[in-house]
Every structure is written in C-alpha cells, then in structure tokens.
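**Q** I am attaching a structure below and will ask some questions about it afterwards.
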Amino acid sequence: MLNIALPKGRLGETVYAMFARAGFECPAVLENSRKLIFDNEAADVRYFWVKPSDVAIYVERGAADIGVAGKDILLEYQPEVYELLDLNIGKCRMAVAAPEGFQDNINRTLRVATKFSRIARDYYTGIGRDIDIIHLNGSIEIAPIVGLSDVIVDIVETGKTLRENHLQVIEEVVPISARLIANKSGFKFKTEQIERLCRELRKEITA
Ligand code: PRP
C-alpha cells in the first residue's frame with residue numbers, strides 16, 4: 001500500500017484532486033468527517049491528513065512513502081527526502097518586508113523576525129549582511145510594528161496581510177510552490193507505483 005501524507009487544508013484538497021485524477025482515488029478522503037486516515041484497498045493507497053509543516057517529518061521517517069510539502073518547509077528543515085516534482089500549485093514567495101518608508105542603516109545589525117530562521121540566515125549570509133534573528137512562530141508582521149525587529153522574512157501570497165499592516169516587500173528571497181516528496185527507501189520499494197503517479201501528475205501539471 002502506498003502511504004500518502006496530505007497537507008491539511010485547501011492546498012491538500014487540490015493535491016488530492018490531482019492524485020485522484022492520476023488514478024490514486026480514495027473517495028472517503030472527501031468525507032466531511034474528523035477522520036484523519038483513509039484507505040482504498042482496491043487502489044492500494046492510504047491517505048493521511050497532517051499539518052502542512054509536518055508532512056516532511058512523516059515522509060523523512062518513512063511513516064508516509066510520499067507527501068506534498070511547500071518548498072519553504074524543505075528549504076528551512078532540509079529533510080532527507082527525494083524531491084520528485086514541482087506541482088506548480090500553492091505558489092507564493094518568501095520575501096523581506098518592512099514598514100513603509102524603512103531605510104536600512106548598514107552600520108547596524110539588522111534585526112530580522114521570522115519563522116524561517118535558516119532561510120533568513122542563508123539569504124543574508126549570501127548578501128554579506130550582519131543580522132540578528134528573532135525566531136517567532138506566527139503573526140510575524142507585528143514584530144516591526146511594535147519595535148521587536150526592523151524587518152521580517154515571511155511568506156507573501158496575496159500581499160493582503162502586509163498591506164493591512166502597512167508593510168511592504170523590500171526584497172524577494174525565493175519563489176515557493178508545493179513539491180511532491182518521497183521517502184528514500186520507500187521510493188526503492190515502491191518505485192513502480194510512485195513513478196506511475198509522477199507520470200500521471202506531470203500530465204496534470206503541464207495541462
Ligand atoms: C502566512 C504568512 C503571512 C500570510 C501571507 O501566514 O505568514 O502572514 O500567510 O498571506 P497573504 O500575502 O495572502 O496575506 P499564516 O496564515 O500561515 O499564519 P501565521 O504565519 O501567522 O501562522
């Protein structure tokens with residue numbers, strides 16, 4: 001049986017629809033229930049709904065053979081998994097944002113609030129800027145408003161959260177999208193099934 005970790009939420013529903021069209025159906029997944037695990041023995045698949053940021057953990061440790069995770073999570077946690085496909089959905093960008101009118105003073109260490117400490121550190125190391133990372137777990141936009149940080153590094157999708165908090169993008173860090181990932185040994189044992197899924201998904205992506 002192929003074990004598939006889906007990110008709970010709207011993205012996961014889109015992903016499931018793609019997998020179903022690719023021949024990996026399990027209609028019970030769409031039941032409006034509190035159940036989190038669904039099997040379809042006929043199609044030889046089992047789906048679980050997990051928190052989006054946990055998908056890579058399930059896949060890395062082999063509890064799921066494959067899953068779908070955002071490139072942000074893969075860059076931040078660098079799990080030991082195969083990245084098989086860019087699904088071209090869940091698109092957004094990782095960016096540096098600051099209050100309107102912000103001007104960087106390069107003689108001072110820049111205070112950066114973020115949930116993505118590694119991505120932020122790698123980005124600023126790349127441009128040779130000294131920073132102090134303030135790691136937060138959410139609502140990052142508040143940090144520069146209340147003086148906890150100078151800028152933030154965060155995900156921007158529609159830009160609405162930034163606009164409503166009078167922040168603006170000042171630098172682009174990296175584009176983000178959803179990726180199909182696989183456990184390394186699971187891939188060896190279930191190569192045929194996973195490759196069939198990839199072949200079918202590729203048709204959906206280019207379609
Ligand atoms: C993400 C991100 C931004 C927001 C961006 O937050 O951290 O706050 O979405 O989306 P927008 O550009 O469409 O407004 P999320 O909902 O994951 O919550 P959290 O980071 O506060 O936990």
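**Q** Going by what's in this entry, would Leu136 be described as under 20 Å from Lys51 (Cβ atoms), touching a strand residue (DSSP E or B) at 6+ places or on another chain (Cβ under 6 Å) and either within 15 Å of the ligand (Cβ to nearest atom) or at pLDDT 95 or above (or both)?
**A** Here the answer is yes, as Leu136 does meet what is asked.
**Q** Quick check on Arg179: is it in contact (Cβ under 8 Å) with a residue 60 or more places away in the chain and over 30 Å from Val96 (Cα atoms)? Let's see the steps before the verdict.
**A** Details: in contact (Cβ under 8 Å) with a residue 60 or more places away in the chain: yes; over 30 Å from Val96 (Cα atoms): no.
Here the answer is no, as Arg179 does not meet what is asked.
**Q** Same structure, new question: Regarding segment 196-207, can at least one residue be identified that is of a type in the set (Gly, Ala, Ser) and under 23 Å from Gly23 (Cα atoms)? Give the steps one after another, and end with the answer.
**A** Pass one, segment 196-207, residues of a type in the set (Gly, Ala, Ser): 207.
Retained after the next criterion (residues that are under 23 Å from Gly23 (Cα atoms)): 207.
The answer is yes, given that some residue of segment 196-207 is of a type in the set (Gly, Ala, Ser) and under 23 Å from Gly23 (Cα atoms).
Yes or no, residue by residue, for (1) more than 20 Å from Ile131 (Cβ to Cβ); (2) modelled with pLDDT of 95 or more; (3) within 12 Å of the chain's Cα centre (by Cα):
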site	(1), (2), (3)
Pro27	yes, no, no
Leu36	yes, no, no
Asn40	yes, no, no
Ala43	yes, no, no
Leu85	yes, yes, no
Lys91	yes, yes, yes
Ala95	no, yes, no
Lys115	no, yes, no
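**Q** How many residues does segment 84-99 hold that are surrounded by fewer than 17 Cβ atoms within 10 Å (Cβ to Cβ), away from the ligand (no atom under 16 Å from the Cβ) and in a loop (DSSP other than H, G, I, E, B)?
**A** Final tally of qualifying residues: 1.
**Q** Is there a residue in segment 174-197 that is surrounded by 12 or more Cβ atoms within 10 Å (Cβ to Cβ), away from the ligand (no atom under 16 Å from the Cβ), polar (S, T, N, Q) and outside any strand (DSSP E or B)?
**A** Scanning segment 174-197, I find at least one residue that is surrounded by 12 or more Cβ atoms within 10 Å (Cβ to Cβ), away from the ligand (no atom under 16 Å from the Cβ), polar (S, T, N, Q) and outside any strand (DSSP E or B), so the answer is yes.
**Q** Would you call Glu141 charged (D, E, K, R), farther than 30 Å from Ala17 by Cα and either without any contact (Cβ under 8 Å) to a residue 60 or more places away in the chain or more than 16 Å from the ligand (Cβ to nearest atom) (or both)?
**A** Details: charged (D, E, K, R): yes; farther than 30 Å from Ala17 by Cα: yes; either without any contact (Cβ under 8 Å) to a residue 60 or more places away in the chain or more than 16 Å from the ligand (Cβ to nearest atom) (or both): yes.
Yes, satisfied.
Listed here are the residues, each with its yes/no results for (1) surrounded by fewer than 20 Cβ atoms within 10 Å (Cβ to Cβ); (2) touching a residue at least 40 places away in the same chain (Cβ under 8 Å); (3) within 24 Å of Thr114 (Cα to Cα).
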position	(1), (2), (3)
Leu6	no, yes, no
Ala28	yes, no, no
Ser33	yes, no, no
Ala42	yes, no, no
Gly62	yes, yes, no
Asp65	no, yes, no
Ala69	no, yes, yes
Glu76	no, yes, yes
Tyr82	yes, yes, no
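**Q** Within segment 144-161, track down each residue that is in contact (Cβ under 8 Å) with a residue 24 or more places away in the chain and more than 6 Å from the ligand (Cβ to nearest atom). So that I can check it myself, show each step before the final result.
**A** Start the filter on segment 144-161 by keeping residues that are in contact (Cβ under 8 Å) with a residue 24 or more places away in the chain, which leaves 144-145, 148-157.
Those that are in contact (Cβ under 8 Å) with a residue 24 or more places away in the chain and more than 6 Å from the ligand (Cβ to nearest atom): Pro144, Ile145, Leu148, Ser149, Asp150, Val151, Ile152, Val153.
**Q** Return the total of residues in segment 73-94 being under 26 Å from Arg121 (Cβ atoms) and in contact with a helix residue (DSSP H, G or I) (Cβ under 7 Å, 6 or more places away or on another chain). If you could, list the steps in order and put the result at the bottom.
**A** Looking only at segment 73-94, we keep the residues that are under 26 Å from Arg121 (Cβ atoms), and these are 73-83, 86, 90-94.
Restricting the remaining residues to those that are in contact with a helix residue (DSSP H, G or I) (Cβ under 7 Å, 6 or more places away or on another chain) gives 73-77, 79-83, 90, 94.
Looking only at that region, the number is 12.
The values are calculated or read from the model by the stated rules, or taken from the named source; none is laboratory data. Quick caveat, the model's predicted, so the values are computed rather than measured. With ideal geometry, Cβ positions are generated from the backbone for all residues, glycine too; neighbour counts draw on all protein chains shown.
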